[in-house]
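Have a look at the structure below, then the notes.
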Amino acid sequence: AQKVTQAQTEISVVEKEDVTLDCVYETRDTTYYLFWYKQPPSGELVFLIRRNSFDEQNEISGRYSWNFQKSTSSFNFTITASQVVDSAVYFCALSEDGTYKYIFGTGTRLKVLA
Amino acid sequence: ETGVTQSPTHLIKTRGQQVTLRCSSQSGHNTVSWYQQALGQGPQFIFQYYREEENGRGNFPPRFSGLQFPNYSSELNVNALELDDSALYLCASSLRQGKNEQYFGPGTRLTVT
């Protein structure tokens, strides 16, 4: 069965702190894709990153970085030097090869305080 | 912005009524997926359309139905509305081949009273 778990319901940090959002997934497929999306108060899901199961390289994009570890079935997201504009709900999602549907976690609400 | 548009933005309906939500996909995208997001939850997959045919469905009853048109725009229809249908409905477009990421529209907030 496919499942995505985001155990952190809500995190509050002070601006400029680093914060890591956890994502643990379950799948029986060997080929799958993992995603992170940001949902600001406006409601639109904003695509942040896609990672396929054969690529375990960590990725850095500006203040954002992602750590993918197949051994622990985790795909964690770190924001360095957080800013108030980072405040949003962040979702991790899983898509198995050929299904084209996403399984979302329940999201982590990040509040960055000035 | 993703180029995916949805209408209307907000909608209030009464239990038992029917509703149609609309989505225009990003230019060049041939696949549209619909998701329901209840308050405080992650989006749940309803179904996906590719080349005007349903291509995969989540755990939703038949009163949730859809259409995709030749220009790849799409409609979500919900009959016999129930209070639990109150949610944000998100449309996402993507390319069937190639990269798998979906681009989401701003959503339609449906309230059933």
Could you tell me whether the stretch A:51-63 includes any residue that is under 11 Å from the mean Cα position of the chain (by Cα) and in contact (Cβ under 8 Å) with a residue 12 or more places away in the chain? yes
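Which of the residues belonging to the stretch A:31-45 are open to solvent by 30 Å² or more (accessible area, probe 1.4 Å), in contact with a strand residue (DSSP E or B) (Cβ under 8 Å, 6 or more places away or on another chain) and free of Cβ contacts under 8 Å to residues at least 24 places away in the same chain?
A:E44
So in the stretch A:75-114, with the set limited to residues that are among the aliphatic types (A, V, I, L, M) and in a loop (DSSP other than H, G, I, E, B), which one is least open to solvent (accessible area, probe 1.4 Å)? Spell out the reasoning first.
Here is the first cut: in the stretch A:75-114, the ones among the aliphatic types (A, V, I, L, M) are A:79, A:81, A:84-85, A:88-89, A:93-94, A:103, A:110, A:112-114.
Okay, now just the ones that are also in a loop (DSSP other than H, G, I, E, B), so A:81, A:114.
Working: A:A81: 40, A:A114: 109 Å².
Only one residue tops the list, namely A:A81.
Can you name every residue in the stretch B:77-95 that is assigned to a strand (DSSP E or B) and under 18 Å from B:T14 (Cβ atoms)? Full working, then the answer.
Start the filter on the stretch B:77-95 by keeping residues that are assigned to a strand (DSSP E or B), which leaves B:77-78, B:87-94.
B:N77, B:V78, B:A87, B:Y89, listed by residue number.
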Residue hits (the stretch A:6-27; more than 14 Å from A:S95 (Cα to Cα) and surrounded by fewer than 16 Cβ atoms within 10 Å (Cβ to Cβ)) are A:A7, A:T9, A:E10, A:S12, A:V14, A:E15, A:K16, A:E17, A:D18, A:T20
When you go through (1) on the phi > 0 side of the Ramachandran plot; (2) open to solvent by less than 50 Å² (accessible area, probe 1.4 Å) one by one for B:Q48, which number turns out not to apply? (1)
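Tally up the residues in the stretch A:11-55 that are assigned to a loop (DSSP other than H, G, I, E, B) and facing another protein chain (nearest Cβ under 10 Å), please.
Step one: filter the stretch A:11-55 for residues assigned to a loop (DSSP other than H, G, I, E, B), giving A:15-18, A:22-23, A:27-31, A:40-45, A:53-55.
Applying the additional criterion that residues be facing another protein chain (nearest Cβ under 10 Å) yields A:42-45.
Looking only at that region, the number is 4.
The values are calculated or read from the model by the stated rules, or taken from the named source; none is laboratory data. Small disclaimer: the values here were computed from a predicted structure and weren't measured. Every residue, glycine among them, receives a Cβ derived from its backbone with ideal geometry; neighbour counts consider all protein chains shown. The accessibility values were calculated without ligands, DNA or RNA, using every heavy atom of the protein model including side chains. Shrake-Rupley method; radii C 1.70, N 1.55, O 1.52, S 1.80 Å.
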